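The values are calculated or read from the model by the stated rules, or taken from the named source; none is laboratory data. Since the structure is predicted, the reported quantities are computational estimates derived from the model, not experimental observations. Quick reminder, even Gly has a Cβ in these numbers, built from the backbone with ideal geometry, and neighbours come from all protein chains shown. Side chains are part of the model used for accessible areas, which takes the heavy atoms of the whole protein and leaves out ligands, DNA and RNA. Shrake-Rupley method; radii C 1.70, N 1.55, O 1.52, S 1.80 Å.
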Amino acid sequence: MERRSIGAGALSVGAVGLGCMPMSWAYTPSRRRGHESLAAVHAALDLGSNLLDTADVYGPFTNELLLGRVLRERRSDAFVSAKVGLRAGDQHVVADGRPGYLRRACDASLRRLRTDVIDLYQLHRVDPEVPVEETWGAMAELVAAGKVRALGFCALGAGAGPGAGRRGDRGYRTTLRHLERLQQVFPVSAVQAELSVWSPEAASQLLPWCAARGVGFLAAMPLGSGFLTGTLTPGEGFEPQDVRARHPRFTAEAMASNQVLLAGLRRVARRHGPGVTVAQVALAWVLAQGPQVVPVPGADRAHWAVENAGAARLRLTAADLAEIADLPVDVGAWD
């Protein structure tokens, strides 16, 4: 599989990663099957999709425990990307960037993951009560202690706001200010933010910053939380605990209106042969945004992990990319 670099070429990963969150958190609780999730992780590693993206808050904790069962046997095959800085309460999550908490959380993640080092440790959210330099300095101490190899910054959710449509201006200005402050303390090796065909804003607002500094970019939700796979049925609904049940993009009306986006991706897929899927076109679009970009699609079944990994072999033409760029603005973004 094609290789990409995180942090100015210091760390090498496969072209497509594996987002492990759906195995334990946020999506369709009734479908969670531990043995099938384990099979998905093994399938991804077998195909070179070695970046495994997790967080202590996923579950909470159960996602790291699940990955630990794989890493116990295959640590050398995996690139472990973990997150810290969010704590789960009964009905909500809160940011916690206190140095003491970060140190305890890192040690706990290492135990659950059954490893002595985390390849990429990401700050999940900025704690408004703690100076970000203080939080980042504590994370840099974990690198010095040999518990972490590199640090990343997670900008998930940072772009949501008024007018945040597919072609709108999402608010990454605060993220960029944070990144500049962090760079003064310890190098940022990777930035993670949403990037997909229907959420392309980071390509123009965050990617230039990353490219200019040799910083890797992890594209979260590159399949639009499942919509860009073309497998969801408008009006079918979601389980109450599924985050999509409350998202305006996943109302029956919005999903019906957004079928035009899928139709455009299907046209591109057909041009590349009968075995090419809509999801692979969506991932290939993300890969085409830059050599430092690594899409991290979620998957909790082996066949999806295999399909996603196959996107690394798909090369979109200039005509394909132009056609995708001309697709209509999506309906139902947060605004």
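Going by what's in this entry, would ALA150 be described as at pLDDT below 95 and open to solvent by less than 60 Å² (accessible area, probe 1.4 Å)? No. In the stretch 189-211, the qualifying residues are those that are assigned to a helix (DSSP H, G or I) and in contact (Cβ under 8 Å) with a residue 12 or more places away in the chain, and the one that is surrounded by the most Cβ atoms within 10 Å (Cβ to Cβ) is ALA202. Here LYS83 fulfils each of the conditions (1) charged (D, E, K, R); (2) open to solvent by less than 10 Å² (accessible area, probe 1.4 Å); (3) in contact with a helix residue (DSSP H, G or I) (Cβ under 6 Å, 6 or more places away or on another chain) apart from (3).
Look at the stretch 59-79: where a residue is under 15 Å from LEU110 (Cβ atoms) and part of a loop (DSSP other than H, G, I, E, B) and a partner is open to solvent by less than 50 Å² (accessible area, probe 1.4 Å) and of a type in the set (D, E, K, R), sitting 6+ places away or on another chain with Cβ atoms under 9 Å, you get PHE61/ARG112; ALA78/ASP119.
The condition (being under 19 Å from the mean Cα position of the chain (by Cα), closer than 27 Å to VAL143 by Cβ and open to solvent by 20 Å² or more (accessible area, probe 1.4 Å)) is satisfied by just one residue among ARG74, ARG3: ARG3.
Checked against (1) modelled with pLDDT of 95 or more; (2) open to solvent by less than 50 Å² (accessible area, probe 1.4 Å), PHE186 passes all but condition (2). Checked against the criteria, LEU142 does not count as open to solvent by less than 30 Å² (accessible area, probe 1.4 Å), among the aliphatic types (A, V, I, L, M) and closer than 20 Å to ALA26 by Cα.
In this structure, is ALA282 open to solvent by less than 10 Å² (accessible area, probe 1.4 Å) and more than 28 Å from SER24 (Cα to Cα)? The answer is no for ALA282. Checking each residue in the stretch 111-139 for being part of a helix (DSSP H, G or I), of a type outside the set (Phe, Trp, Tyr) and surrounded by 16 or more Cβ atoms within 10 Å (Cβ to Cβ) picks out ARG112, LEU113, VAL132, THR135, ALA138, MET139. Taking VAL93, is it open to solvent by 20 Å² or more (accessible area, probe 1.4 Å) and either in contact (Cβ under 8 Å) with a residue 40 or more places away in the chain or at negative phi (or both)? So VAL93 passes the test.
Contact map, the stretch 37-54: residues that are more than 14 Å from VAL306 (Cβ to Cβ) paired with residues that are polar (S, T, N, Q) and open to solvent by 20 Å² or more (accessible area, probe 1.4 Å), Cβ distance under 9 Å, separation 6+ or inter-chain. Pairs shown: ASN50/SER12. Exactly one residue out of ARG301, ARG213, ARG246, ARG270 is among the charged types (D, E, K, R) and within 30 Å of LEU182 (Cβ to Cβ), and it is ARG213.
Just so you know, in the stretch 264-276 the residues that are open to solvent by 40 Å² or more (accessible area, probe 1.4 Å) and not charged (D, E, K, R) include one that is farthest from VAL191 (Cα to Cα), and it is PRO274. Residue count for the stretch 92-138 satisfying the condition of being modelled with pLDDT under 95 and of a type in the set (S, T, N, Q): 0. Scanning the stretch 212-229 for residues that are touching a strand residue (DSSP E or B) at 6+ places or on another chain (Cβ under 9 Å), open to solvent by 10 Å² or more (accessible area, probe 1.4 Å) and either modelled with pLDDT under 95 or of a type outside the set (A, V, I, L, M) (or both) gives GLY214, SER225, GLY226.
Taking the conditions (1) open to solvent by 40 Å² or more (accessible area, probe 1.4 Å); (2) outside any loop (DSSP other than H, G, I, E, B); (3) more than 19 Å from LEU218 (Cβ to Cβ) in turn, ALA105 satisfies each one other than (1). Here is a check on your reading of the model: is GLN280 assigned to a loop (DSSP other than H, G, I, E, B), within 22 Å of ALA203 (Cβ to Cβ) and polar (S, T, N, Q)? No.
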